[in-house]
Amino acid sequence: PLPAPSPPLPPVQSPQTRFCVLTVAPDTLPAIATMLIDVLFYSHSPPREAGASSQDLDSITFFSFSLIEGYISIVMDAETQKRFPSDLLLTSSTGELWRMVRIGGQPLGFDECGIVAQIAEPLAAADISAYYISTFNFDHALVPEEGIAEVIQLLQQRQDSGR
């Protein structure tokens, strides 16, 4: 049997926002709890209408906090990171910044299959790292800032080829 054809890659967008991928030691959470609450609940603009997203997003509000088996991962924009004590948020030794590729012009729902593979395959073939986050409405791939132009080109080629 032949493999099923991949559905077409949904549109991709890349805001200009620069992101940090961080961790924090669980025992230091009390020291940043107030700042986390402020960022989570009080610092952001209201969500955009589902159909209102433009192809050329200038910036995007995005904050992700994951706690899995005691390990914490945080993704936030570089401006928000400046509000936290630098000695409590840990990142790679290079302190690299990431850019986001938002997958889908409208919420994807749970019916779409293979989207992660459609993003991961060309990036892996080009030896580009990606940090993938799926949310209820959209999928997001964070890639090293210096590789964003190549990533957009690769994904645009994949879209144009209908794969």
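The values are calculated or read from the model by the stated rules, or taken from the named source; none is laboratory data. Just so you know, these numbers come straight off a predicted model, no measurement behind them. Positions of Cβ are generated from backbone atoms using ideal geometry, with glycine treated the same way; all protein chains shown enter the neighbour counts.
Descriptive notes on the structure:
- Taking residues in the range 120-132 that are loosely packed, with under 14 Cβ neighbours inside 10 Å, and partners anywhere that are among the β-branched types (Val, Ile, Thr) and outside any helix (DSSP H, G or I), the pairs with Cβ atoms closer than 8 Å and at least 6 places apart or on different chains are Ser129/Val143.
- The condition of being at pLDDT 90 or above and out of contact with any Pro (no Cβ under 9 Å at 6 or more places or on another chain) does not hold for Phe41.
- Taking the listed residues Ile152, Ile60, Ile128, the one that is farther than 30 Å from Thr28 by Cβ and part of a loop (DSSP other than H, G, I, E, B) is Ile128, with no other qualifying.
- Condition check for Glu112: in a helix (DSSP H, G or I) and surrounded by fewer than 18 Cβ atoms within 10 Å (Cβ to Cβ): no
- Going through (1) outside any loop (DSSP other than H, G, I, E, B); (2) in contact with a Pro (Cβ under 8 Å, 6 or more places away or on another chain) one by one, Ile133 falls short only on (2).
- Subset tally (residues that are of a type in the set (Gly, Ala, Ser) and within 17 Å of the chain's Cα centre (by Cα)) for the range 64-91: 4
- Condition check for Gln55: at pLDDT 90 or above, assigned to a loop (DSSP other than H, G, I, E, B) and surrounded by fewer than 16 Cβ atoms within 10 Å (Cβ to Cβ): no
- Any chance Ile115 is among the hydrophobic types (A, V, I, L, M, F, W, C), modelled with pLDDT under 90 and more than 30 Å from Ala25 (Cβ to Cβ): yes
- Boolean, Asp139 is surrounded by 19 or more Cβ atoms within 10 Å (Cβ to Cβ), closer than 30 Å to Leu29 by Cβ, touching a strand residue (DSSP E or B) at 6+ places or on another chain (Cβ under 6 Å) and modelled with pLDDT under 90: yes
- Qualifying residue in the range 98-106 (condition: surrounded by fewer than 17 Cβ atoms within 10 Å (Cβ to Cβ), without any contact (Cβ under 8 Å) to a residue 60 or more places away in the chain and under 15 Å from the mean Cα position of the chain (by Cα)): no
- Single match in Glu146, Glu121 (criterion: part of a helix (DSSP H, G or I), at pLDDT 90 or above and under 18 Å from Phe19 (Cβ atoms)): Glu146
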